[in-house]
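Before any comments, here is the structure.
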Amino acid sequence: MRTYTRRIDAPAGPIPLGVDAISVPAGAPIELDVRLESVTEGVYVSGSVHAPVSGECSRCLDELTDEVDVELSELFAYPDSVTDETTDEDEVPRVVDEMLDVEQTVRDAVVLALPMAPLCRDDCPGLCPECGEKRADLEPDHGHETLDPRWAALRERLSAE
């Protein structure tokens, strides 16, 4: 069993490490703390990933920054391993030339840990649906009176009396 701690930079490329609303910025430091264990089928990788994330609040559209900590575990099968756990070649990563490519494992763990609708804070009130202003910046009695045009004639008649 071996333990490694590495700091790598997030990949810069066409596929971001995240989703549209929130992701790990390109070039941001990603800290990996992994343990490698030799097992019968291959090499079992377990550990944790820590990375900064940035994006925008899904309610008020403010910029937000946070950090993600996620546990990961993956079996990397030996090239000639044919046990029940390693027969599906599309699903099980392989040890290639005595090397492990953990990029996809890290990517999957980080992306699955990110929220689909990130919030700047849990009680974020969002935007006013009428004027688009941030509700947090508006007066408590803020509102928009909308009058159905079909009732306009009645309103005119009542206001004339």
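Does at least one position in the range 45-53 carry a residue that is closer than 15 Å to PRO118 by Cα, part of a strand (DSSP E or B) and in the same structural domain as GLN104 (by TED's automatic domain parsing)? Lay out the reasoning, then the answer.
Taking the range 45-53 and keeping what is closer than 15 Å to PRO118 by Cα, we get 52-53.
This time we only want the ones that are part of a strand (DSSP E or B), so: 52-53.
Filter once more, keeping what is in the same structural domain as GLN104 (by TED's automatic domain parsing): 52-53.
Among the residues of the range 45-53, at least one is closer than 15 Å to PRO118 by Cα, part of a strand (DSSP E or B) and in the same structural domain as GLN104 (by TED's automatic domain parsing), which makes the answer yes.
When ARG150 is tested against (1) surrounded by fewer than 10 Cβ atoms within 10 Å (Cβ to Cβ); (2) of a type outside the set (Gly, Ala, Ser); (3) within 30 Å of GLU63 (Cα to Cα); (4) modelled with pLDDT of 85 or more, just one condition goes unmet, and that condition is (3).
Do you know which residues across the range 58-76 are among the polar types (S, T, N, Q) and assigned to a strand (DSSP E or B)?
Step one: of the range 58-76, the residues among the polar types (S, T, N, Q) are 58, 65, 73.
Listed by number, the residues that qualify are THR65, SER73.
Does THR40 satisfy the criteria of being surrounded by fewer than 16 Cβ atoms within 10 Å (Cβ to Cβ) and either part of a strand (DSSP E or B) or at pLDDT 90 or above (or both)? No: the conditions fail for THR40. Among (1) under 15 Å from THR105 (Cα atoms); (2) surrounded by 16 or more Cβ atoms within 10 Å (Cβ to Cβ); (3) among the small types (Gly, Ala, Ser); (4) over 12 Å from the mean Cα position of the chain (by Cα), which single condition is ALA51 missing? Exception for ALA51: condition (4).
For the range 97-117, state whether one or more residues are loosely packed, with under 10 Cβ neighbours inside 10 Å, of a type in the set (S, T, N, Q) and outside any strand (DSSP E or B). No, the range 97-117 contains no residue that is loosely packed, with under 10 Cβ neighbours inside 10 Å, of a type in the set (S, T, N, Q) and outside any strand (DSSP E or B). Among the numbered conditions (1) surrounded by fewer than 17 Cβ atoms within 10 Å (Cβ to Cβ); (2) out of contact with any Ser or Thr (no Cβ under 7 Å at 6 or more places or on another chain), the only one that SER73 does not meet is (2). Here SER81 does not fit the description of being hydroxyl-bearing (Ser, Thr, Tyr) and surrounded by fewer than 15 Cβ atoms within 10 Å (Cβ to Cβ).
The values are calculated or read from the model by the stated rules, or taken from the named source; none is laboratory data. Source: prediction; values computed, not measured. Don't worry about glycine lacking a Cβ; one is built from the backbone with ideal geometry, like all the others, and counts go over all protein chains shown.
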